[in-house]
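A.B. asks: Provided herewith is a single structure, encoded as structure tokens, for subsequent inquiry.
Here, each number is a calculation from the coordinates, and none is a lab measurement. Predicted model only: the values in this text are computed from it and were never measured. Every residue, glycine among them, receives a Cβ derived from its backbone with ideal geometry; neighbour counts consider all protein chains shown.
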Amino acid sequence: MRLSDSKCLIAGTLLLAIVALTSIAVADESGWTSFRNGPQNLGIAHSELPDDLELVWEIASPDGITSTPVIADGITYVGTLSGELLAIELKTGNILWKYNTIEKKDPSDFAPGFNAPLALNKTTVFGGDDFGMFHAVDRKTGKAKWKKETEAEIAGGALIMDDKVIFGSHDNHLYCMNAETGEQVWAAETHGPVNGTPTLGGQYTFTTGCDQPILRVFDVTTGEETHEVPIDDSLLIASAAVKDDILYFGTDGGELCALDWKNKNFLWRFTVPKRQHEMRASPVVTDDLVIIGSRDKHLHCVDRKSGELKWSFQTRGRVDSSPVLVGNRVYFGSADKNVYAVDINNGKEVWKYYAKQSFTGSPAVGGEYLVIGADSTDGKIYCFGKK
């Protein structure tokens, strides 16, 4: 793939801004029901975790895991690169059911994998595969409720808005479906691959395309494009977070940006001189801080108002895993084969687990457990909590 083509895919990352939160159908307020656990993509857990996490169970998967799990009602749902969607009891690690992206007629049949994060509502688990099929699976039975075929890979997660589910595809479209029936409500041309998880609010959602460095604004009731917001030459890597109408996101040029989308200007841009590596993780955003991983092997924490660096935490591998905030600790994985917990007040390590496998996917936290998958061959699903 040419560099320009790669950037074009990256530029398809789905963004958005919040005007007024819509009603999101979540199944468990202490769970983790979407990629960044809520419509603003803030990456903040509602559940607590024990200070000293213990490995409760682990399950191996042939091709590993890059998808972010979801958690609700004592069950975690995990998508694997080998094409399985698993429902696993949190306390025991017992697999309740397995769903496969295809029905294999021969052991050599190649199954599309779940690279995209999962999402769920009260009855259904949603996830797209790397062949372009979007799956809606019954949470109780593990049986398909409906499927939607697109023309290219689905790399981003989905968000549920009332009785609708919205997701993007690399086929240059954003789709809105009836969450229960699978009936298409609308499809919008995005002028570029959609690479991230949508953030929804009020009546609008935004995407970026690769034809021009702009945000395109869509009315979620009709799918019609309403207006555009210039964003200079910033190419986005992962899903953005939004707080107080300001978007926070990393770029391929190694910048962490704060964009006032309404007034069409950047409030600040943070970068590390001479270490401007891609930021493929999505940030945690609090009232005071923005925390993001980088391919410069660091986790960076900056002041949300000024964009000034508060601290950086160094690992021995790239940090593509999006961090998760639990209390005053932030948890994330690294390509150096560790899962870390760092104190957000001072950037000091407070817990670490050496898994001997690298991490690209992000943690999910719910019911006082943390679940994360490793991307290595025979990569494992790890569940941490208190035994």
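A.B. asks: Using amide H atoms built 1.01 Å from N in the peptide plane, name the residues 5+ places from residue 322, or on other chains, whose amide H lies under 5 Å from its own.
C.D. replies: Under 5 Å from the amide H of residue 322 lie the amide H atoms of 282, 362, each far enough along the sequence or on another chain.
A.B. asks: Next up: In the range 205-293, which GluC sites (Glu not before Pro) are in a loop and have at most 16 other Cβ atoms within 10 Å, using DSSP for the loop call?
C.D. replies: Those that pass, being in a loop and sparsely packed, are 224.
A.B. asks: Ok, one more. About its Cα centre, what dipole magnitude does the range 3-385 give when the only charges are +1 on Lys and Arg Cβ and -1 on Asp and Glu Cβ, stated in debye to the nearest 20?
C.D. replies: I would put it at about 760 debye.
A.B. asks: Straight-line reach from residue 147: which lysines have Cα under 21 Å away, leaving out those fewer than 8 places along the same chain?
C.D. replies: Reachable lysines: 98, 104, 105, 122, 164.
A.B. asks: Related question: I'd like to compare 323-336, 281-294, 302-315, 65-78: which one has the highest average count of other Cβ atoms within 10 Å, and what's the full order after that?
C.D. replies: The densest-packed peptide leads the list: 65-78, 281-294, 323-336, 302-315.
A.B. asks: Another question, then. Taking the alpha-carbon set of the range 27-77, what are its Rg and Dmax in Å?
C.D. replies: Rg and Dmax of the range 27-77, Cα atoms, are 12.6, 33 Å.
A.B. asks: Residue by residue through the range 314-329, which ³J(HN,Hα) values in whole Hz follow from phi under the Karplus form 6.51 cos²θ - 1.76 cosθ + 1.60 (θ = phi - 60°), with glycine and proline marked x?
C.D. replies: After applying 6.51 cos²θ - 1.76 cosθ + 1.60, I find 9, 10, 9, x, 4, 10, 8, 6, 6, x, 10, 9, 10, x, 9, 10 Hz.
A.B. asks: Tell me, what is a quarter of the convex hull surface for the C-alpha atoms of the chain, in nm² with one decimal?
C.D. replies: With the hull built on Cα positions only, its mean projection is 16.9 nm².
A.B. asks: Compare the Cα positions of 43, 193, 328 along the charge dipole of the chain (+1 at Cβ of Lys, Arg; -1 at Cβ of Asp, Glu; about the Cα centre) and return the one farthest towards the positive end.
C.D. replies: 328
A.B. asks: Pop out the ³J(HN,Hα) list for the range 55-72 in order, Karplus 6.51 cos²θ - 1.76 cosθ + 1.60 with θ = phi - 60°, rounded to Hz; leave Gly and Pro as x.
C.D. replies: Running phi through 6.51 cos²θ - 1.76 cosθ + 1.60 with θ = phi - 60° gives 6, 8, 7, 8, 9, 7, 9, x, 10, x, 9, 10, 6, 8, x, 10, 9, 6 Hz.
A.B. asks: Let me ask something else. Here is the link list: 297/348; 145/386; 91/143; 143/380. Which ones come out longer than 26 Å on Cα distance?
C.D. replies: 145/386
A.B. asks: Here's another thing I want to ask about it. For labels at residue 316 and residue 106 in the simple 7 Å Cα→Cβ model, what's the distance in nm?
C.D. replies: Placing both labels 7 Å along Cα→Cβ, they lie 4.4 nm apart.
A.B. asks: I need the P(r) histogram for the range 301-374: all alpha carbon pairs, bin width 5 Å from 0 out to the longest distance, whole percents.
C.D. replies: Spelled out bin by bin, the range 301-374 gives 3, 16, 26, 26, 17, 8, 3, 0 percent.
A.B. asks: Taking amide hydrogens as modeled 1.01 Å from N in the peptide plane, which residues meet the under 5 Å criterion relative to residue 245, leaving out close sequence neighbours?
C.D. replies: 18
A.B. asks: Could I have the simple spin-label model distance between residue 97 and residue 328, label points 7 Å from Cα toward Cβ, reported in nm to one decimal?
C.D. replies: 4.3
A.B. asks: So if R0 is 22 Å, what FRET efficiency would residue 287 and residue 263 give, r being the distance between their Cβ atoms, rounded to the nearest 0.05?
C.D. replies: So the FRET efficiency works out to roughly 0.60.
A.B. asks: Sorting check: for 245-251, 109-115, 182-188, 158-164, which peptide has the highest mean count of neighbouring beta carbons within 10 Å, and how do the rest follow?
C.D. replies: Final packing ranking: 245-251, 158-164, 109-115, 182-188.
A.B. asks: Any idea what Rg and Dmax come out to for the range 56-158 if you just take the C-alpha atoms, in Å?
C.D. replies: 12.8, 40
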